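Chemist: Can you keep this structure in mind? I'll have questions shortly.
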Amino acid sequence: MEDSTATATSSSSTHYFSIFTNYPLISAVTSFTIAQFIKLFTSWYRERRWDLKQLIGSGGMPSSHSATVTALAVAIGLQEGFGGSHFAIALILASVVMYDATGVRLHAGRQAEVLNQIVYELPAEHPLAESRPLRELLGHTPPQLQS
């Protein structure tokens, strides 16, 4: 009885550590991390100040969303084959994520810019005059996705 319990525990712990050999996952996380790290430097280049919020923020250049889903799709394609259903799922997921980043999220950010300007121009006694500004950098322009 003890042998089966030890074997079950051993295979269970091996199962948890197999995440470190999941190459599509490692590829996606690595790409996300690199893209976020690069944002720190592109932000410094533009603004000449370090903005550590770039390490966790969305939007901007390069697109960590695009990097993540592209790396995931390519890694799945290389590992499982580009003709398989896993690659098809990853490719469709990547397409939806990038479409959303250049469509809905980009336009929501532009609307936030307009709304922030309206609130900024309100008289001081208006109840919304002291409201916190909306986040404007939500999406990506098409060139930002291709980086």
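Chemist: Looking at the range 25-47 only, could you name the residues that are polar (S, T, N, Q) and closer than 16 Å to ILE76 by Cα?
Modeler: SER27, THR30, SER31
Chemist: Of GLY77, GLY84, GLY109, GLY103, which residue is touching a Gly at 6+ places or on another chain (Cβ under 9 Å), on the phi < 0 side of the Ramachandran plot and without any contact (Cβ under 8 Å) to a residue 12 or more places away in the chain?
Modeler: GLY84
Chemist: Might you check whether a residue that is touching a residue at least 60 places away in the same chain (Cβ under 8 Å) and either among the hydrophobic types (A, V, I, L, M, F, W, C) or buried (at least 20 other Cβ atoms within 10 Å of the Cβ) (or both) occurs anywhere in the range 43-60?
Modeler: Looking for residues that are touching a residue at least 60 places away in the same chain (Cβ under 8 Å) and either among the hydrophobic types (A, V, I, L, M, F, W, C) or buried (at least 20 other Cβ atoms within 10 Å of the Cβ) (or both), one finds at least one in the range 43-60, hence yes.
Throughout, read-outs are computed from the coordinates displayed, never taken from laboratory work. Owing to the predicted nature of the structure, the values given are computational and were not obtained by experimental measurement. Note that each Cβ is placed from the backbone with ideal geometry, even for glycine, and that neighbours are counted across all protein chains shown.
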